[in-house]
Structures are given as C-alpha cells and as structure tokens.
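Bear in mind that the values in this text are calculations on the coordinates, not laboratory data. Every value quoted in this text rests on a predicted model; they were computed, and no experiment measured them. Counting neighbours? That spans all protein chains shown, and the Cβs are built from the backbone with ideal geometry, glycine included.
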C-alpha cells in the first residue's frame, strides 16, 4: 500500500462556517497489518469514486492506502450471496492466540475447505520474477506424506470434491504421477495439476503417463506478447511452448483450465484475445484470470492504488 496522509484537522487551521464532507464513504472496519513491520492494525474499508479502498494506520509507520476493488457497486452487491459457513467435520489445530496469529484448521474457522491445495515441492523449472512463492529448491513431500494429507482431508471434509497439486512446479516432482493416482484411488472426483506446462510440452513419457489419469490441467497462460513472457516469466519464445503443451493435452483428451496472471501495464489489454483463443482451442474448458499478486519476488515498482482487480478484467 502507498503511504498517504489522512484528512487532518490542525488546531491552528483557519476556521470555516460550513461543515465539509469527506471525499469517501466509510463502509466497514476490518483487521489488516502494517506492510512495513507486520503489526496487526485496523483497516478501514472506504468507497471513493465507485472504487473500494483500504486505509490503515500503523503507529510507527503512518498511513497506507490501497485499491481493493474497482467497482464499489459490485463489491457491495456481493454481500447478498453470503451464506452461513459450513463447518468441517473435524479440526486439525487448537486455538492458542486466536486469529490471525494461529495457523491451521482450528475451531475458529468459519468455513470448511472447498478446495484442497497440496504443495508437493518448492522446486521449479521456471524462475519467474513475479513468483509470490519465491519458488526454489528446498523440499519434496514424500508419497507417504501426501497419503497422510489426503486421508486427513477426507477426515475433515467427509467427501471432498477437489484437490489440486501445486508447488513450486509439481510436474517436476519425481512421484507426481503416483500422487495423482493415489488421489483418484481415494475417490476424489476432481484432481487438478497446477503447472506451467513445460514438462507436458517436452517430456513424452510424462505425457503418456498423464494420458492414463483422470485429471484436469490448471495451466499457466499469460497471453501472446513476447514482452509479457519476458517480464512475468523471464522466458523467451514461450508462446510456442504453451501452444504445444495445449495441443499435446488435446491429443490425450485432457481438459485444461487456462490461468493467466494479469498485470495492468503488461497484458490487461490481452484479456479479450485470451478469451477468443480459449473458445477456439478444443482442450480449453475454462479460464481463471488472476490479478498479479505483489509478494515473494514481486514486491517492487508497483502502485497499490493502480493494481488490477477483477472488474478491470471483466471490462
């Protein structure tokens, strides 16, 4: 968030006979943290010029403000879709310090896990400048550990619907095929592989192994411009590899969900072309646009007041 000054009223300011309205509407109060010291602080959700912002103040580092949603009407209307949370069958941790200090599925959670995401490794065959996970070699879950995680997910959910294998880059895990097969054997209806597609494009044996699995591919696809790929992924000639991966997935009958990371200054103007491409390609059955997230490696040179939000993509 950018640092900003509040509407101060200095004691020695000139007095006026007319009361002044603020330039925003206060909507609600939430909890946040200081982006400098990570202290837990209050966050004011405000509406200005039909956009939703968060304003917050740290006693040490001052005021900060950032854009939350670019369409205030849609944001406030979304409340009508709220429903009472559905609780899990069991909890994995206890309440010690309370939210947000505890971690895990504790009794203070207000909703069960709709999608289980298992990060099977931290290694990756890309070195993306925007990686919020700052992926690098570090750990690999064993097949036995994944087995235990899946069993625990079933215990807390009863009949979980979706599990996604992620990373890092999960396709480079030496046992990823066995992990996918294990999830299917345990009865998960929908198993997803979150991947950049490189191994699918280059590894015939891996492609053949995927052909025998009932799996959905959740594949990174950021657009068509060379500048987009170089800036977001630090890769050249990446489009040809992405298209090859999609064609190879179609050849083995796999369903693909495209996952574009959208940056206002890079590929926001490519959203329409991505949709047209997806509609034409026989392997693609959906798109999950993801506004670029400024964390991990991708924390510099961004204006929190100009970040991309879902309404920007829909427009």
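Measure nothing fancy, just the Cα-based angle from helix 176-185's long axis to the longest principal axis of the chain, in degrees from 0 to 90, nearest 10.
The answer is roughly 90 degrees.
Using the beta-carbon distance between residue 235 and residue 101 and R0 = 25 Å, what value does 1/(1 + (r/R0)^6) give for FRET efficiency, to the nearest 0.05?
0.05
In Å³ and rounded to a whole number, note down the convex hull volume per residue for the Cα atoms of the chain.
Hull volume over Cα atoms, normalised by residue count, gives 174 Å³.
For the chain, what does the relative contact order come out to in percent, with C-alpha contacts under 8 Å and a separation of six or more?
15
Using the alpha-carbon atoms, what tilt in degrees (0 to 90, nearest 10) does helix 238-251 show relative to the longest principal axis of the chain?
Orientation of helix 238-251: about 50 degrees from the principal axis.
Counting helices only, and only those DSSP H runs with n ≥ 4, report the 222 nm mean residue ellipticity of the chain as the sum of -39,500 (n - 2.57) divided by its residues, in deg cm²/dmol to the nearest 500.
Helices in the chain give a 222 nm mean residue ellipticity of -7500 deg cm²/dmol.
Taking the number of other C-beta atoms within 10 Å as the exposure measure, put 31, 264 in order starting with the fewest.
In order of increasing Cβ crowding within 10 Å: 31, 264.
Where both partners of a DSSP beta bridge lie in the chain, what percent of those bridges are antiparallel, to the nearest 5?
In the chain, DSSP labels about 50 percent of beta bridges as antiparallel.
To make sure I understand, if each residue's beta carbon is the centre and we count other beta carbons within 10 Å, what order do 117, 217 fall in, fewest to most?
117, 217
What's the angle, to the nearest 10 degrees (0 to 90), between helix 143-157's Cα axis and the longest principal axis of the chain?
Value to nearest ten degrees: 60.
Starting from the Cα-Cα distance between residue 269 and residue 92, subtract it from 0.36 nm times their residue separation and give me the gain in nm to one decimal. Walk me through the numbers before you get to the answer.
Details: separation 177, 0.36 × 177 = 63.72 nm, distance 4.35 nm.
Once the chain is fully extended between residue 269 and residue 92, it gains 59.4 nm.
If the label point is 7 Å along Cα→Cβ of residue 209, which residues in the stretch 255-269 have backbone nitrogen under 20 Å from it?
255-256
Taking R0 as 35 Å, what's the FRET efficiency between residue 28 and residue 276 from their Cβ-Cβ distance, rounded to 0.05?
On the way: r = 38 Å, r/R0 = 1.10.
Once the sixth-power term is evaluated, E becomes 0.35.
Just to check, using Stokes-Einstein with a Kirkwood Rh over alpha carbon pairs, what's the diffusion coefficient of the stretch 175-315 at 10 °C and 1.306 mPa s in µm²/s? Walk me through the numbers on the way to the answer.
Numbers: Rh = 16.2 Å.
It diffuses with D of about 98 µm²/s by this estimate.
Normalise the Cα radius of gyration of the stretch 54-174 by 2.2 N^0.38 Å (N = residues in it) and let me know the number.
Normalised by 2.2 N^0.38 Å, the Cα Rg of the stretch 54-174 equals 1.38.
Assuming 0.36 nm per residue, please report the length gained on full extension of the stretch residue 127 to residue 147 beyond their Cα-Cα distance.
Separation in residues times 0.36 nm, less the Cα-Cα distance, equals 4.3 nm.
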